[in-house]
1. Can you work out the Karplus-derived ³J(HN,Hα) for every residue in region 194-203? Use 6.51 cos²θ - 1.76 cosθ + 1.60 with θ = phi - 60°, whole Hz, and x for glycine or proline.
2. Provide the solvent-accessible area of residue 87, counting protein heavy atoms only and rolling a 1.4 Å probe, rounded to the nearest 10 Å².
3. Kindly give the semi-axes, whole Å and largest first, of the ellipsoid equivalent to region 53-139, taking each as the square root of 5 times a Cα gyration tensor eigenvalue.
4. Any chance you could give the angle, 0 to 90 degrees and rounded to 10, that helix 29-48 forms with the longest Cα principal axis of the chain?
5. Using θ = phi - 60° and the Karplus form 6.51 cos²θ - 1.76 cosθ + 1.60, what ³J(HN,Hα) does each residue of region 181-190 get, whole Hz, x for Gly and Pro?
6. Compute the separation of the alpha-carbon centres of region 41-119 and region 120-191 and state it in Å as a whole number.
7. Match the structure shown to one of the listed values (1) 45, 38, 31; (2) 44, 42, 35; (3) 65, 45, 36 of Cα extents along the principal axes in Å, computed from it, and give that label.
8. Could you please report the charge total around residue 160, scoring K, R as +1 and D, E as -1 over all other residues with beta-carbon less than 14 angstrom from its beta-carbon?
Amino acid sequence: MLLRELRSPLAPAFATGLLPIIVNATHWSFIGAIFLFTLILMIGVLRQGHYRHAIASDPIHFQHILGFASVATVWIIGVCLARQPQMAGIPPVLVVFFEVLQRPTYSSKLALKQIAALSGAATIGVVGHLLVTSWLLATLISLPLVLLLLTLLNLKLPAAYAFPLLALVLPPTMFIHLPIAATLAASFFLGTVLVYRKITAAMTTSVTEEN
């Protein structure tokens, strides 16, 4: 509702909303850090000046909000029934899910690529932190590997870079299961969008042929 009022389709806002719940951040320094890094990012974008040629995004539609809330609710109920509540919210997956909801088209090939990228990035992040004791060194190694993965998949997916950093702050109970959780969540959310698009496309074709 906040994004709708701001007329913004900024999907990463979901990540900043979920992260303090997942990592149990209870200090105001978290808000300060978000503000500071967003300010730094804004200054960098303004200095580059590329935004002047960018096309403004369409405002968020109510059906996107409804679809996001409905599918997320089904997922949360499912993981709670399976007694795996730590899988309820995985920020990078939900960011990609919300971005995909706003796409006019969505193909099976792209869905498979995105699922592979998200699960692969989560695996890289976890394995990197298991093998390298220094969190800084593990992150510096993991991020280029995620870039390599996305290059091999010929895919631009900024949310994937969050996994090596997310692995730093996750509770131990969720950390080790992150690759599996990311794969299952990505398959469910992105698969749901794909199935919905296939059904609506088939219905549209059927109506067109009847007319």
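The values are calculated or read from the model by the stated rules, or taken from the named source; none is laboratory data. Note that the structure is predicted; figures quoted are calculated from it, not measured. All Cβ positions, even for glycine, are placed from backbone atoms using ideal geometry, and neighbour counts span all protein chains on display. Calculation scope for accessible area: heavy atoms of the full protein, side chains included, ligands and nucleic acids excluded. Shrake-Rupley method; radii C 1.70, N 1.55, O 1.52, S 1.80 Å.
1. Going residue by residue, I get 4, 4, 4, 5, 5, 5, 5, 5, 5, 5 Hz, with x marking Gly and Pro.
2. Taking all protein chains as shown, residue 87 has close to 20 Å².
3. 28, 21, 13
4. Once rounded, the angle reads 70 degrees.
5. Rounded to whole hertz, the list is 4, 5, 5, 5, 5, 5, 5, 5, 5, 6.
6. A separation of 16 Å, based on Cα centres.
7. Identified label for the calculated read-out: (3).
8. In short, +1.
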